[in-house]
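Read the structure below first, then the notes.
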Amino acid sequence: MGVNLEKYIADVDGIETGYDAFRFLRRIAAEYKLEKFSILGLAETVTKLSDTLVVNNWDPGLVQGYDEYNLAERSSVWERLNRSVVPYCWDIETLSKSRPPAEAKIANELFSDYGVDKGIFIPIHRSSAQPLAIGFTYGEHELSAPQIAELQFLALYAGENLNSEIISKGLPPCSLSPREKECLKWTANGKTSSETGKILSISEHTVNHHLYGAMQKLDAANRIHAVAIAIRQGLFRS
């Protein structure tokens, strides 16, 4: 096999919190040149994608759009994951063929807007706990059969070792410092770093420093992404 699986098995054994699971999936994604990752809690009936996500780094806008258009209700993904133990490689164009034309157009455009074209879900049917699926998305990079086998092994091992507390709580909201939160709030209100600095009586450089810190903590690609994540996690309410 292509990667040091023993190293990742040791990582799984060290997972105690949702954030540990997040970091583990992030390392796996980097190893295999994958993009987005997720742990889904499976159920017979799914009405909202957001209700299934235990740990993930999906763009909040994609999840919100998926739920607002009720795309979960007619998705064939859930049935497939609930009845199979085989890794499920998917692409959005093929998935959308089972939808009514207008809904298929919405789904294709939504996923295209967020650069998500295809991916893999690995169902995990545990003997005495809620079934899960661990998923990854990717772009031009294709997974080979040996890589899929490796991912399945790691996903199954991780799934069997995720305790109920992690599954029920998922990834807790990130703790931003008061200054990071203030800078992010003013960014959400459309202010530039220079304008935010004048409002808070700090330098533009200091504002950028706090925004970078917030981006790192939230694992955001940019400050707008950080704002979206903060809103979704309710960080501006506290």
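Quick one: is residue 28 among the aliphatic types (A, V, I, L, M) and open to solvent by 40 Å² or more (accessible area, probe 1.4 Å)? Criteria not met by residue 28.
The set of residues in the range 46-69 that are open to solvent by 50 Å² or more (accessible area, probe 1.4 Å), in contact (Cβ under 8 Å) with a residue 40 or more places away in the chain and assigned to a helix (DSSP H, G or I) contains only 64.
A search for C-beta distances below 8 Å between a residue of the range 179-197 that is within 13 Å of residue 224 (Cα to Cα) and any residue that is of a type in the set (Phe, Trp, Tyr), counting only pairs 6+ apart in sequence or on different chains, returns 184/236; 185/236; 188/236.
Listed conditions (1) within 22 Å of residue 67 (Cα to Cα); (2) in a loop (DSSP other than H, G, I, E, B); (3) without any contact (Cβ under 8 Å) to a residue 40 or more places away in the chain are all met by residue 116, apart from (3).
Condition check ((1) in contact with a Pro (Cβ under 7 Å, 6 or more places away or on another chain); (2) at positive phi; (3) open to solvent by 60 Å² or more (accessible area, probe 1.4 Å); (4) without any contact (Cβ under 8 Å) to a residue 24 or more places away in the chain) across all residues:
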site: 75; (1), (2), (3), (4): no, no, no, no
site: 78; (1), (2), (3), (4): no, no, no, no
site: 84; (1), (2), (3), (4): yes, no, no, no
site: 90; (1), (2), (3), (4): no, no, no, no
site: 97; (1), (2), (3), (4): no, no, yes, yes
site: 105; (1), (2), (3), (4): no, no, yes, yes
site: 108; (1), (2), (3), (4): no, no, no, yes
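Out of 29, 43, 10, 72, I need the residue that is under 13 Å from the mean Cα position of the chain (by Cα) and either part of a strand (DSSP E or B) or not polar (S, T, N, Q) (or both). Which one? Result of the check over 29, 43, 10, 72: 29.
The values are calculated or read from the model by the stated rules, or taken from the named source; none is laboratory data. This one's a predicted model, so the numbers in the text were calculated from it and none came from an experiment. Every residue, glycine among them, receives a Cβ derived from its backbone with ideal geometry; neighbour counts consider all protein chains shown. Note: accessible area is taken over every heavy atom of the protein model, side chains too, but ligands, DNA and RNA are not part of it. Shrake-Rupley method; radii C 1.70, N 1.55, O 1.52, S 1.80 Å.
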